[in-house]
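The values are calculated or read from the model by the stated rules, or taken from the named source; none is laboratory data. Being a predicted model, the structure only gives us computed values, none of them experimental. With ideal geometry, Cβ positions are generated from the backbone for all residues, glycine too; neighbour counts draw on all protein chains shown.
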Amino acid sequence: MNRRKPERSQINEDCAALTFEPLIVSTGPVLDLGSDAFPTLVHGFKDGKLSLDAFGGSTHYGMVTHGTSTLQDAIGEHKLRAGMFFVCPGGCSIEAEGGAGIVITRLNYRGLWQLGGPVEEHGRLQYIDGCTDTLLASPPRMGEPCLNHLHIPPNTNQTPHTHPSVRIGVILRGAGECRTSDKVYPLTAGMAWYIPTGCLHSFYTQDSSLDVIAWHPDSDFGPTDENHPMVNRTIIGH
């Protein structure tokens, strides 16, 4: 493993020591958050084969940033190109045929199988400071993980903000910066990253837009047994 495991107490007590962290994408493990409140592993794939176990009933969220790759799972083979993503519960492998990307594994959680993309140029929903967002993989139930596409237009100076849980993702295209209280981090296409809980940060662009794929381990959004389209649109007695 390429980095130490951060203890939950460290994240809460010394956030400044765990600020925005660039992750080097190579075939294999790049981040271990197994001790987090939402246990998570991150792997990269680049010009090689990455095999991922089921990890006791876990779900893999993957994104191809460039080139082509083949996802192999219990269903079969799936050809992926840059800008495509997948959600795969259980074991799988990825053959990076000149391609690259990352896989975020949420331990002890079973999501819904999904294959999508390529990601659109802009997001479908409004976000802060003129940015837009698309919910690529929605939470199957309220509170569960989700995968998002954040589009940051040129000449954006985003308001500094925090999140109540970790954020992990990758730069799909474009260029910019992530600014924290202590440092400025250049952002380029294909670069993966990790932001710990509660750390103040903002994104900044100049001439180029920036497209970010961001994974959230939890959400305050999603259907419940009492509130979902099937039950809401079922009328009884008319």
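Return yes when Arg167 is under 13 Å from Gly62 (Cα atoms), at pLDDT 95 or above, of a type in the set (D, E, K, R) and touching a Pro at 6+ places or on another chain (Cβ under 9 Å) and no when it is not. In short, no. If you go through segment 9-35 one residue at a time, how many are surrounded by 13 or more Cβ atoms within 10 Å (Cβ to Cβ), modelled with pLDDT under 95 and of a type in the set (D, E, K, R)? Of the residues in segment 9-35, 0 are surrounded by 13 or more Cβ atoms within 10 Å (Cβ to Cβ), modelled with pLDDT under 95 and of a type in the set (D, E, K, R). Would it be correct to say that Arg81 is within 16 Å of the chain's Cα centre (by Cα) and either hydroxyl-bearing (Ser, Thr, Tyr) or assigned by TED's automatic domain parsing to the domain that holds Gly62 (or both)? Criteria not met by Arg81. Within segment 57-78, the only residue that satisfies the criterion of being buried (at least 23 other Cβ atoms within 10 Å of the Cβ) and either in contact with a Lys or Arg (Cβ under 6 Å, 6 or more places away or on another chain) or not in a strand (DSSP E or B) (or both) is Thr59.
Looking only at segment 44-51, decide whether some residue is out of contact with any helix residue (DSSP H, G or I) (no Cβ under 6 Å at 6 or more places or on another chain), surrounded by fewer than 18 Cβ atoms within 10 Å (Cβ to Cβ) and either hydroxyl-bearing (Ser, Thr, Tyr) or modelled with pLDDT of 95 or more (or both). Yes: segment 44-51 contains one or more residues that are out of contact with any helix residue (DSSP H, G or I) (no Cβ under 6 Å at 6 or more places or on another chain), surrounded by fewer than 18 Cβ atoms within 10 Å (Cβ to Cβ) and either hydroxyl-bearing (Ser, Thr, Tyr) or modelled with pLDDT of 95 or more (or both).
Just need a number here: residues in segment 147-189 that are within 25 Å of Val103 (Cβ to Cβ) and not hydrophobic (A, V, I, L, M, F, W, C).
The total comes to 14.
Which of the following residues is crowded, with 18+ Cβ neighbours inside 10 Å, of a type in the set (S, T, N, Q) and under 23 Å from Gly117 (Cβ atoms): Ser219, Ser209? Checking each option against the conditions leaves just Ser209.
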